[in-house]
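Below is one structure, written out as structure tokens; the observations come after it.
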Amino acid sequence: MTIETTAAQPAAAPAPAETVTMTYSEAIRDAMRIAMAKDPAVFIMGEDVGTYGGAFGVTGELINEIGPERIRDTTISELGIMGAGVGAAMTGMRPIVEIQFSDFTAQAMDQIANQAAKIHFMLGGAVSVPMVIRAPGGSGTGAAAQHSQSLEAWFVHIPGLKVVMPATADDAKGLLLSAIDDPNPVMVIEHKLLYKTSGEVRTGDIRTPLGVAAVPREGKDLTIIATGVEVSRALEAAEILAADGIEATVVDPRTLKPLDSDTILRTVKATGRVLLVQEAVRTLGFMSEVSAIISESDAFGYLRAPIKRLAGLDIPIPYAPKLERASVPQVEDIVAAATDLVRKW
Amino acid sequence: MNTQIVADRELAAASLATMWKIRRFEEAVEDLYGRGLMHGTMHLSIGQEAVPTGACLALNKDDYITSTHRGHGHCIAKGADMERMMAELLAKETGYCRGRGGSMHIADTETGNLGANGIVAGGIPIATGAALSAKMRGTKQVAVSFHGDGAMGEGAWHEGVVLAAMWQLPVVFLCENNLYGMSMSSEKAFNLDQLSDRAKGYGIPGVTVDGNDVQAVYDATKEAVDRARAGGGPTFIEAKTYRWRGHSKSDKNLYRTRDEIDEWRGKDPIPHFEALALAAGGLTQADIDAVRDNVRTELRSAVQRANAAPDATADDLLSAVYAR
């Protein structure tokens with residue numbers, strides 16, 4: 001069952017065969033450039049998104065192409081920026097709000113949770129809030145506890161928000177363009193470690209639909225479901241596992257809400273073993289929900305082994321490199337857990 | 001020199017009617033609630049009617065407002081339909097929010113009301129955003145953010161005003177200082193002679209007016225709105241007024257005296273306005289009686305029709321969360 005919130009996506013241009021190699025960060029910029037060229041209502045607002053080019057350089061030199069009116073530098077006021085996004089979105093604009101680190105959404109939470117997410121429902125459907133919030137999450141940069149969290153579960157837990165976690169450059173572009181089209185507030189949680197990674201990205205005005213999972217690898221022995229930076233770690237682990245004779249399917253939900261449960265359950269049934277991998281802390285994380293969905297479904301009867309979760313430790317992310325690395329699942333953890341699952345069961 | 005509202009028959013009658021609508025609507029709400037015919041909670045603005053009345057008189061239909069938990073008056077003054085408001089409070093499908101919002105979330109986008117808000121100062125940055133949108137779209141619309149004195153302790157107030165001032169947006173921050181943020185007296189809370197002193201710190205004009213005087217509120221709002229429309233940026237207005245009723249149904253009035261309440265009841269904005277209109281010749285006693293009677297009839301009919309409407313339905317709740 002796909003949760004029935006998927007908005008009808010406007011027909012995208014016929015899929016162009018062409019791709020180019022670009023970084024995840026360039027792919028996001030490409031998406032914003034395309035959206036802004038097409039629709040004058042789209043604009044970007046955030047701290048240092050202008051001449052500075054964004055804390056992670058994602059907006060880059062867009063200000064030189066598009067100008068300060070639509071690449072709008074703000075004061076350091078996350079709550080104000082978010083509220084301004086809500087007000088603009090309610091009145092005909094399609095803001096893309098950039099928050100420098102997803103941790104800072106805590107500063108803006110009233111406008112995200114109590115306003116943006118609820119307005120459409122609470123006001124009886126009279127208004128919608130077509131706003132995109134882009135915020136990088138995740139650890140691995142030595143930025144410690146207030147700049148490294150994976151908070152996606154917060155947002156999934158708030159009805160009215162859609163939540164997207166692109167794991168590849170092409171999805172970073174395609175999902176963002178779908179998010180901009182969407183008439184609802186969409187939280188796009190990017191990953192800092194992915195910004196400089198490269199991949200083949202479809203050119204032009206493409207879409208990755210919201211609510212459709214990707215299955216970048218298929219194998220018969222187990223299903224690894226991973227989000228964000230853990231997708232590339234799962235794929236790397238799958239290569240190592242394959243050398244050892246274990247064939248893994250890797251599923252990247254891409255959109256956490258609405259969630260493509262169909263693909264998850266189909267692949268779980270096919271392998272009978274499931275390993276869930278998230279960077280976020282374990283307790284009540286997104287994979288807890290995935291685990292529950294599998295347990296409550298008919299896929300449960302296909303399981304040959306208990307569902308296994310790999311997650312971040314229930315701690316704030318520490319500073320020291322060794323400690324930070326030990327806090328979240330790494331490739332070798334995935335290999336070990338997968339091997340254990342397949343060998344034991 | 002602005003129009004003398006009390007001397008202009010049409011404007012005087014319209015303003016008086018707006019104040020009576022707010023008063024009668026809220027009295028009806030209070031009565032229905034007291035008789036157990038309405039559930040939830042409510043925040044009444046009885047005594048404060050002159051503020052939204054004077055302010056909205058200075059606005060065009062397509063100008064925006066953001067409102068507060070004490071928002072019935074703003075909604076009515078901006079032009080909402082009392083029947084749909086009452087239907088909302090009575091949990092009817094025909095209510096403005098189809099029974100999903102209630103008193104604290106009534107919005108009427110047709111008249112530019114972006115919504116009451118259950119979060120203190122929640123509407124401040126939203127008004128900034130609406131003004132930003134108006135500026136970017138080049139529509140010459142203005143946004144007015146009604147808020148209470150309590151909102152001025154919130155971070156959202158600060159951040160919304162900072163952005164509006166930086167971008168010189170067409171927005172008016174209109175504080176209805178009813179002297180208490182729930183039980184906290186604004187005199188105690190803010191170390192200021194008047195709340196408009198704060199405007200200077202934000203680099204925007206600020207003014208304090210008598211919030212029980214329709215003309216004073218209108219004049220200040222008109223000046224601010226004209227400036228905003230002409231590209232002159234935001235303004236802060238403090239309108240001093242008083243809420244006669246408690247903060248909400250839980251209020252036992254332990255933080256203020258009977259004498260104080262009685263003193264402010266003596267400054268009732270409605271008879272004050274009527275006396276001025278009679279003196280200025282804008283309205284005759286017959287006009288005044290007619291306005292009052294018409295509103296009473298209109299309200300009675302709104303309550304009856306709202307009450308007869310179908311209850312809000314739970315059939316499509318799940319599909320109502322996301323826009324399509």
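Looking at the structure I just gave you, is residue A:58 among the β-branched types (Val, Ile, Thr) and either surrounded by fewer than 24 Cβ atoms within 10 Å (Cβ to Cβ) or within 14 Å of chain B (Cβ to nearest Cβ) (or both)?
Numbers: among the β-branched types (Val, Ile, Thr): yes; either surrounded by fewer than 24 Cβ atoms within 10 Å (Cβ to Cβ) or within 14 Å of chain B (Cβ to nearest Cβ) (or both): no.
For residue A:58, the condition - among the β-branched types (Val, Ile, Thr) and either surrounded by fewer than 24 Cβ atoms within 10 Å (Cβ to Cβ) or within 14 Å of chain B (Cβ to nearest Cβ) (or both) - is not met.
If I filter the stretch B:70-79 for residues that are modelled with pLDDT of 95 or more, facing chain A (nearest Cβ under 8 Å) and assigned to a helix (DSSP H, G or I), do I get at least one hit? No, the stretch B:70-79 contains no residue that is modelled with pLDDT of 95 or more, facing chain A (nearest Cβ under 8 Å) and assigned to a helix (DSSP H, G or I).
Give the residues of the stretch A:83-114 that are at the interface with another protein chain (Cβ under 7 Å from one of its Cβ atoms) and outside any loop (DSSP other than H, G, I, E, B), sorted by residue number.
Residues of the stretch A:83-114 at the interface with another protein chain (Cβ under 7 Å from one of its Cβ atoms): A:83-88, A:90-93, A:110-111, A:114.
Across the stretch A:83-114, the qualifying residues are A:83, A:84, A:85, A:86, A:87, A:88, A:90, A:110, A:111, A:114.
Among the residues of the stretch B:127-146, the ones that are more than 7 Å from chain A (Cβ to nearest Cβ), buried (at least 24 other Cβ atoms within 10 Å of the Cβ), out of contact with any Ser or Thr (no Cβ under 6 Å at 6 or more places or on another chain) and not aliphatic (A, V, I, L, M) come to 0 in all.
Residues to consider are B:109, B:66; find the one that is closer than 30 Å to residue A:77 by Cα, within 11 Å of chain A (Cβ to nearest Cβ), modelled with pLDDT under 95 and in contact with a helix residue (DSSP H, G or I) (Cβ under 9 Å, 6 or more places away or on another chain). Lay out the reasoning, then the answer.
Details: B:66 fails: modelled with pLDDT under 95.
Sole residue among the options that is closer than 30 Å to residue A:77 by Cα, within 11 Å of chain A (Cβ to nearest Cβ), modelled with pLDDT under 95 and in contact with a helix residue (DSSP H, G or I) (Cβ under 9 Å, 6 or more places away or on another chain): B:109.
Note on the stretch A:79-121: among residues that are surrounded by fewer than 24 Cβ atoms within 10 Å (Cβ to Cβ) and among the acidic types (Asp, Glu), the one that is nearest to residue A:192 (Cα to Cα) is A:103.
When the residues of the stretch B:113-126 are filtered to those that are buried (at least 24 other Cβ atoms within 10 Å of the Cβ) and more than 9 Å from every other protein chain (Cβ to nearest Cβ), the one that is nearest to residue B:44 (Cα to Cα) is B:116.
Restricting A:291, A:295 to residues that are free of Cβ contacts under 8 Å to residues at least 40 places away in the same chain, more than 22 Å from residue A:151 (Cβ to Cβ), among the hydroxyl-bearing types (Ser, Thr, Tyr) and in a helix (DSSP H, G or I) narrows the list to A:295.
Summed over the stretch B:62-110, residues that are surrounded by fewer than 24 Cβ atoms within 10 Å (Cβ to Cβ), of a type in the set (A, V, I, L, M) and within 22 Å of residue A:87 (Cβ to Cβ) total 2.
Scanning the stretch A:70-80 for residues that are more than 7 Å from chain B (Cβ to nearest Cβ) and either of a type in the set (Asp, Glu) or under 16 Å from residue A:44 (Cβ atoms) (or both) yields a count of 5. Residues in the stretch B:219-263 that are aliphatic (A, V, I, L, M), free of Cβ contacts under 8 Å to residues at least 24 places away in the same chain and within 20 Å of residue B:23 (Cα to Cα): B:261 alone. Where helices (runs of 4 or more DSSP H) fall entirely within the stretch B:188-274, those with at least 1 residues that are surrounded by 14 or more Cβ atoms within 10 Å (Cβ to Cβ) and acidic (Asp, Glu) are at B:197-201, B:214-229.
The values are calculated or read from the model by the stated rules, or taken from the named source; none is laboratory data. Model, not experiment: these values are computed from the prediction. With ideal geometry, Cβ positions are generated from the backbone for all residues, glycine too; neighbour counts draw on all protein chains shown.
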